[in-house]
1. Full-extension gain between Thr245 and Asp196, please, as 0.36 nm times their residue separation minus the C-alpha to C-alpha distance.
2. Work out, step by step, the length gained on full extension between Lys378 and Arg358: first 0.36 nm times the residue separation, then minus their alpha carbon distance; give nm to one decimal.
3. Determine which aspartates and glutamates satisfy two conditions relative to Lys182: a Cα distance under 16 Å, and not lying fewer than 8 residues away in the same chain.
4. Given a Förster distance of 35 Å, report the FRET efficiency between Glu286 and Asp234 from their Cβ-Cβ distance, rounded to the nearest 0.05.
5. Using the Cα centre of the chain as origin and beta-carbon charges of +1 (Lys, Arg) and -1 (Asp, Glu), tell me which of Gln224, Pro120, Ala455 is placed farthest towards the positive end of the dipole.
6. Once R0 is set to 22 Å, what does the formula 1/(1 + (r/R0)^6) return for the Cβ-Cβ distance between Leu203 and Glu46, expressed as a FRET efficiency to the nearest 0.05?
7. Once neighbouring chains are kept in place and the probe is 1.4 Å, which whole percent of the accessible area of the chain is contributed by carbon and sulfur?
8. Which value, in debye to the nearest 20, gives the size of the charge dipole of the chain about its Cα centre, when Lys and Arg are +1 and Asp and Glu are -1 at the Cβ?
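The values are calculated or read from the model by the stated rules, or taken from the named source; none is laboratory data. Just so it is clear, the structure is predicted and the values come from calculations on it, not from any experiment. Glycine gets a Cβ as well: all are built from the backbone with ideal geometry, and neighbour counts include every protein chain shown. Ligands, DNA and RNA are stripped out before the accessible areas are found, and what is left, the full protein with its side chains, is counted by its heavy atoms. Shrake-Rupley method; radii C 1.70, N 1.55, O 1.52, S 1.80 Å.
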Amino acid sequence: MPDQQSDSAPRRPNILFIMADDHAAHAVSAYGSNINETPHIDRIAEGGMRLDNCFCTNSLCAPSRATILTGTYNHVNGVQTLSTEFDSRQPAVAGMLKEAGYETAIVGKWHLGHGENHDPRGFDFWTVVPDQGRYHNPVFIDMDGSQRVIPGYATNIITDLAEEWLDGRDEEKPFFLMVHHKAPHRNWEPDAKHLDMYTDGDLAVPENFFDDYSGRATAAREAQMRVADHLRMDDLKKLLPPGMTQDEQALWKYQTYIKDYLRCVASVDDNVGRLLDYLDAKGLTEDTIVIYTSDQGFFLGDHGWYDKRFMYEESLRMPFVIRYPKEIEAGSVSDALCMNVDFAQTFLDYAGLPATERMQGESLRPLLKGELPDDWRKSVYYRYWEHDDGIHHVWAHYGVRTDRYKLVYYYADGLGLPGTSDKVMEPEWELFDLENDPWEMKSVYDDPAYEQVRAELEAELARVQAEIGDKPYVAGERA
């Protein structure tokens, strides 16, 4: 397809997509964080829109990235677990934009496999870290398959590479640039610039930090009990002081962890500022859509956890702020239900391109203009496939979330997928009233007062699964 830009048509916007890894929305000050400030990420929200109800379809790095690239759920794009690699020959948004005349690039974390059918495709330029990558002196894989070590700190280097590519791009074409940071993924190694942050006192502890997992499904208690230590020595980087009670140990570990996590976030925020300043200096701000997000949420000690995977709010919710001065009102907010399966269609919409029939999300553009279509979704669907992986012990589950309620079904079967256990547990349900129980501490699934709500949500779950073609769990069936 030739470049669709004509002399008479308005210039299509550039798209700068900045994504961190495991950056929880409640660690962004634009979302009201009580533990840190992110002034540069906040600049995007202040100049555009903050989406308050943006969720992932699967709270794992690779499955989320596959969904973002393809606009499809994981049963369609084939990346259900961390052990199922992405087939990069399938249709993805970068290739569609490139074919339509965009210049495309990705720098940073890929995490979707490597090799002939797994390396990035549809990009005019790419350089990515292998697997998780390193914080210091990271290795990068280039388009020709060669590898190089770049001295320095990964977050700064990824931004350096992004700016280098922007400097050398074809300025006659609009660009689509994906900047994917490793940070703040564990094991949370800050750079020298931020090592002295948060040294003058303790940070706030989550409301649900001391969770005893009573009143909920067995799945939560099992995940807590079977993980030997949710924060390992390579996470903490120091020995536990002697003579502490169990609660004191938990709080010490939290403070040690959260400060390193937020130091890594501070570096990401600084580098977001660098890119925003670059756009200003080059006169590109008005013509560029800028997005900041993460591949999923993360438990910042919430429920006593330091990971993701569960369908609880802290893991399910993604930060998503977007700025486009030509169309998005500065300082606006939307509470409509959005998902990462919508991102690809949104990019295409702004480029003037139709979504393909294979895509399963919706363009967010109406919401970003302050409009709520009458037929906008009333629920979001989530499915975690990596059952009892041997490290995190989170049971496979799926469910739906509406504006007030959340229904979760732990079918607890790996279905024979790579990276899953062959153990099958007794299925369980959870139902949360998020208005009355925002910290998700007590399931009301068996409460007679919620019988009607439960029936409605079970019907909604069945409807959504039928709509997107994801089969409900049947005991004994394999994927």
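1. 14.9 nm
2. Net length gain for the segment: 5.1 nm.
3. Counting by Cα, and skipping residues close in sequence, Lys182 has these aspartates and glutamates nearby: Asp21, Asp22, Asp131, Asp160, Asp191, Asp235, Asp260, Asp269, Asp270, Asp295, Asp307.
4. About 0.20, to the nearest 0.05.
5. Projecting each Cα onto the dipole axis, the largest value belongs to Pro120.
6. In this case the efficiency is close to 0.35.
7. Carbon and sulfur atoms account for 49 percent of the accessible area of the chain.
8. So the magnitude is around 600 debye.
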